[in-house]
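**Q** My structure is below; once you've seen it, I'll send some questions.
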Amino acid sequence: MVSPFAVTRVFVGLLQSLAYWALAGRWQKISLLYGGLGLAYWLALLVLGKTPAALLQTMFAAAGTAFAILFIVWFVILRRHKPVAQS
């Protein structure tokens with residue numbers, strides 16, 4: 001049980017680091033997406049986590065999925081972002 005929990009915590013830490021970066025950089029769309037994913041994460045835990053084993057499995061899947069979604073959106077926005085010309 002420790003290994004899936006540790007991997008879940010890694011996903012959560014990566015999610016938080018991306019979210020803090022988005023908040024500091026004033027990337028509102030990513031910040032709002034992070035908030036929505038957080039709400040969906042907790043709702044999934046409430047609905048699907050009836051036993052400790054089910055809760056741990058749901059945490060692992062939900063955190064991994066949320067990180068994948070946030071990372072893909074962040075990467076796509078970063079690739080489309082045009083740097084501001086400095087003069």
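The values are calculated or read from the model by the stated rules, or taken from the named source; none is laboratory data. Note that the coordinates shown come from a computational prediction; the quantities given were computed from them, not determined experimentally. Accessible surface areas use protein heavy atoms only, side chains included; no ligands, DNA or RNA. Shrake-Rupley method; radii C 1.70, N 1.55, O 1.52, S 1.80 Å.
**Q** Using only the alpha carbons of the stretch 1-45, determine the length spanned along each of the three principal axes and report them from longest to shortest in whole angstroms.
**A** 37, 21, 8
**Q** Roughly how tilted is helix 2-24, in degrees to the nearest 10 and between 0 and 90, from the longest Cα axis of the chain?
**A** 30
**Q** A follow-up question, please. For the chain, evaluate the Debye formula with one uniform point scatterer on each Cα (no solvent term) and list log10 I(q)/I(0) at q = 0.23, 0.25 Å⁻¹, rounded to two decimals.
**A** Each listed q maps to, in turn, -1.09, -1.21.
**Q** Okay, moving on. Once the Cα atoms of helix 28-48 and of the chain are each reduced to a long axis, what angle between those two axes, in degrees from 0 to 90 to the nearest 10, is obtained?
**A** 10
**Q** Something else now. Carbon and sulfur together cover what percent of the accessible area of the stretch 7-87 at a 1.4 Å probe radius? All intermediate terms of the calculation are to be shown ahead of the outcome.
**A** Numbers: 4120 of 5910 Å².
The C+S portion of the solvent-accessible surface of the stretch 7-87 is 70 percent.
**Q** Skip the ligands, DNA and RNA, and give the accessible area per residue of the chain with a 1.4 Å probe, whole Å². It would help to have the intermediate numbers written out before the result.
**A** Working: 6470 Å² over 87 residues.
The answer is 74 Å² per residue.
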